[in-house]
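**Q** My structure is below; once you've seen it, I'll send some questions.
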Amino acid sequence: MTSHSSGPLAGKVALVTGASSGIGEATAAALAQAGAKVAVAARRTDRLKALADRIGAAGGEVLVIEADVTHDADIKTMIDRTAAQWGQLDILVNNAGQMLLSPLAEARAQDLRHMVDLNLTALMEITRQALPHLKAAKGHIVNVSSVAGRVANPGSSGYAATKFGVVGFSEAVRREVYADKVRVTLIEPGLVLTELGDHIPNAGMKAGLEKRKQAMEGLESEDIAAAILYAVSQHPRVNVNEILIRPTDQER
Ligand code: NDP
């Protein structure tokens, strides 16, 4: 096992949103294991504290931040606290998101609005507020989109709209900041076995996801964390722009 102080990310500071479960939790652990100091943000602080205990016990440095990223004030606090704690921000992982699947005709207006607020508007605002720190650090932005940002399926119109939005946003930002040596990586996972499906409001869509999970071997959160770690550990001349990563069993 690599010691934290000599890992590939030693001296780096990372902020991971949605770190209380799934992909964000695994990513925070992987970045810490690679030597980064990691700020972990989400609403469920009990889960964040349990993660922080594990990272701390393994010798890593971690900062727990309670944040609802749909609130601009929480975004500001999250970034200010990270920068105040360690004096810099090198790696931003925009991971927090929800997938409130439903055929549009049965969708609730508040779910469509919430997915835009969380998956897209919050991600853009976090990136905007973090940009001065990332430019100063010649840092790295990692945006978690989805296969649903590349393939639009029935029942996912609202979710796909937000994830396609993340794809467009990421590419435009990459072209705005590459000259500042800030790198942008878009991560597009297929089916990952996490709590994401727990919040699906539509019974038919929820059952459909369960069926897909039974029918294939989904990815583990650690598989996506490994892809993110790969991207952010490359030499500064290497800008891994996009990683589309499906379970072997997933067709589309
Ligand atoms: P989880 O449900 O396990 O994780 C979602 C995370 O987002 C949680 O940590 C949750 O924390 C956080 N979150 C939700 N709402 C808010 C909020 N308002 N403010 C701050 N944090 C919030 O699912 P995944 O790990 O699967 O999802 C992570 C990302 O990966 C999402 O963007 C998702 O769209 C994407 N993705 C997932 C795939 C999958 O198959 N699982 C496939 C492709 C992409 P808390 O509730 O404590 O606030």
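The values are calculated or read from the model by the stated rules, or taken from the named source; none is laboratory data. Not measured: the values here are computed from a predicted model. In this analysis, Cβ positions are derived from the backbone assuming ideal geometry, glycine residues included, and neighbour counts consider all displayed protein chains. In case anyone asks, the SASA skips ligands and DNA or RNA and just uses the protein heavy atoms, side chains included. Shrake-Rupley method; radii C 1.70, N 1.55, O 1.52, S 1.80 Å.
**Q** Place a point 7 Å from the Cα of R252 along the Cα-to-Cβ direction; which residues of segment 214-245 have their backbone N under 18 Å from it?
**A** 216, 245
**Q** If you don't mind, another one. Once every DSSP H run of n ≥ 4 in the chain is given -39500 (n - 2.57) and the sum is divided by its residues, what mean residue ellipticity at 222 nm do you get, rounded to the nearest 500 deg cm²/dmol?
**A** So the calculated ellipticity at 222 nm is -13500 deg cm²/dmol.
**Q** For segment 73-128, divide the Cα radius of gyration by the Kirkwood radius and give the resulting Rg/Rh value with two decimals.
**A** Dividing the radius of gyration by the Kirkwood radius yields 1.13.
**Q** Kindly work out what percent of the DSSP beta bridges joining two residues of the chain are antiparallel, to the nearest 5.
**A** Just about 0 percent of them are antiparallel.
**Q** How far is the Cα center of segment 33-73 from the Cα center of segment 210-246, in Å?
**A** About 21 Å separates the Cα centre of segment 33-73 from the one of segment 210-246.
**Q** Here is a further query. For the pair L193 and A58, what calculated FRET efficiency results from E = 1/(1 + (r/R0)^6), where r is the Cβ-Cβ distance and R0 = 25 Å, to the nearest 0.05?
**A** Calculated value: 0.60.
**Q** Do any of K37/K213; K181/K206; K37/K163; K163/K211; K181/K211; K138/K213 go past 32 Å between their Cα atoms, and which?
**A** K37/K213; K181/K206; K181/K211; K138/K213
**Q** Now for a separate question. Taking the Cα atoms of the chain alone, what are Rg (to one decimal) and Dmax (as a whole number) in Å?
**A** Looking at the chain, its Cα Rg and Dmax stand at 17.2, 54 Å.
**Q** Right, here's the next one. A215 versus V238, label points 7 Å from Cα toward the beta carbon: distance in nm?
**A** Placing both labels 7 Å along Cα→Cβ, they lie 3.6 nm apart.
**Q** A follow-up question, please. Where nothing but the Cβ of Lys and Arg (+1) and of Asp and Glu (-1) is charged, how large is the charge dipole of the chain around its Cα centre, in debye to the nearest 20?
**A** Computed charge dipole of the chain: roughly 480 debye.
**Q** Return the sequence-ordered ³J(HN,Hα) values of segment 141-149 in whole Hz as given by the Karplus equation 6.51 cos²θ - 1.76 cosθ + 1.60 applied to θ = phi - 60°, using x for Gly and Pro.
**A** With coefficients 6.51, -1.76 and 1.60, one gets 9, 10, 10, 8, 9, 5, 4, 5, x Hz.
**Q** Share of the chain's accessible area from carbon and sulfur, percent, 1.4 Å?
**A** Using a 1.4 Å probe with all protein chains present, the chain comes out at 51 percent carbon and sulfur.
**Q** From the phi of every residue in segment 244-252, what ³J(HN,Hα) in whole Hz does the Karplus formula 6.51 cos²θ - 1.76 cosθ + 1.60 yield, where θ is phi - 60° and glycine or proline is x?
**A** Values per residue, Gly and Pro as x: 9, 9, 9, x, 3, 6, 8, 7, 9 Hz.
**Q** How long is the gain from E66 to M124 if the chain were fully straight, where each residue apart is worth 0.36 nm and the alpha carbon distance is subtracted?
**A** Additional length available on full extension: 19.0 nm.
**Q** Rank R237, R212, R183 by mean-square fluctuation in a GNM of the chain with C-alpha springs under 10 angstrom and give only the top-ranked residue.
**A** Looking only at R237, R212, R183, the largest GNM fluctuation is found for R237.
**Q** When the Karplus curve 6.51 cos²θ - 1.76 cosθ + 1.60 is applied with θ = phi - 60°, which whole-Hz ³J(HN,Hα) does each residue of segment 218-230 get, with x for Gly and Pro?
**A** After applying 6.51 cos²θ - 1.76 cosθ + 1.60, I find x, 6, 8, 4, 5, 5, 6, 4, 5, 5, 5, 4, 4 Hz.
**Q** Hey, in the GNM for the chain with a 10 angstrom Cα cutoff, which one of M124, M99, M216 fluctuates hardest?
**A** The residue with the greatest mean-square fluctuation here is M216.
**Q** Follow-up. Under a point-charge model restricted to the Cβ atoms of Lys and Arg (+1) and Asp and Glu (-1), what is the dipole moment magnitude of segment 145-252 relative to its Cα centre, in debye to the nearest 20?
**A** For this selection, approximately 340 debye.
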